[in-house]
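Some notes on the structure that comes next.
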Amino acid sequence: QVQLVESGGGLVQAGGSLRLSCAASGTIAGISNMGWYRQAPGKQRTLVASITSGGSTNYADSVKGRFTISRDNAKNTVHLQMNSLKPEDTAVYYCNAEVWAGILTGKGNYWGQGTQVTVSS
């Protein structure tokens, strides 16, 4: 069983910063892509940023230059540094990971429980 646990959400004023963290635990043989998605009320869940095991990153256009994704392969963690936050960044942020859990379980796509980020104007 693989679990992803997020932390670091909260309430911040526009222009402020937050750092989200996500730790994967359980039966993990390897993790390929890790990423952050967000879902605002009444909207679909969308990709914010992703990072491969080799460190290649991808960002949504709306967060380029403001958000930075990073990971620690040894600790199975991924982080999202969010700067210059805007009210439109308000959403529940979800951690995602593609995990190889061994020969018996195989590869799976896992989600965290979500953490609320609220940016006030």
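Things to note:
- Within-14-Å neighbourhood charge of residue 60 [Cβ basis; K, R +1; D, E -1]: +3
- Formal net charge of residues neighbouring residue 22 (Cβ-Cβ distance under 12 Å; K, R +1; D, E -1): +1
- The convex hull built on the alpha-carbon positions of the range 23-62 has an orientation-averaged projected area of 4.0 nm².
- Positive minus negative residues near residue 78 (Lys, Arg vs Asp, Glu; Cβ under 10 Å): 0
- Protein heavy-atom accessible surface, 1.4 Å probe, per residue over the range 78-121: 48 Å².
- With a threshold of 23 Å on the Cα-Cα distance, the over-threshold entries among 43/64; 43/107; 64/86 are 43/107.
- Its Cα gyration tensor gives the range 18-105 an equivalent ellipsoid, and the semi-axes of that ellipsoid, as √(5λ) in whole Å with the largest first, are 25, 14, 11.
The values are calculated or read from the model by the stated rules, or taken from the named source; none is laboratory data. Quantities reported herein were computed from a predicted structural model and do not represent experimental measurements. Note: ideal-geometry Cβ built from the backbone for every residue, glycine included; neighbour counts use all protein chains shown. The area values use the complete protein model at the heavy-atom level, side chains included, leaving out ligands, DNA and RNA. Shrake-Rupley method; radii C 1.70, N 1.55, O 1.52, S 1.80 Å.
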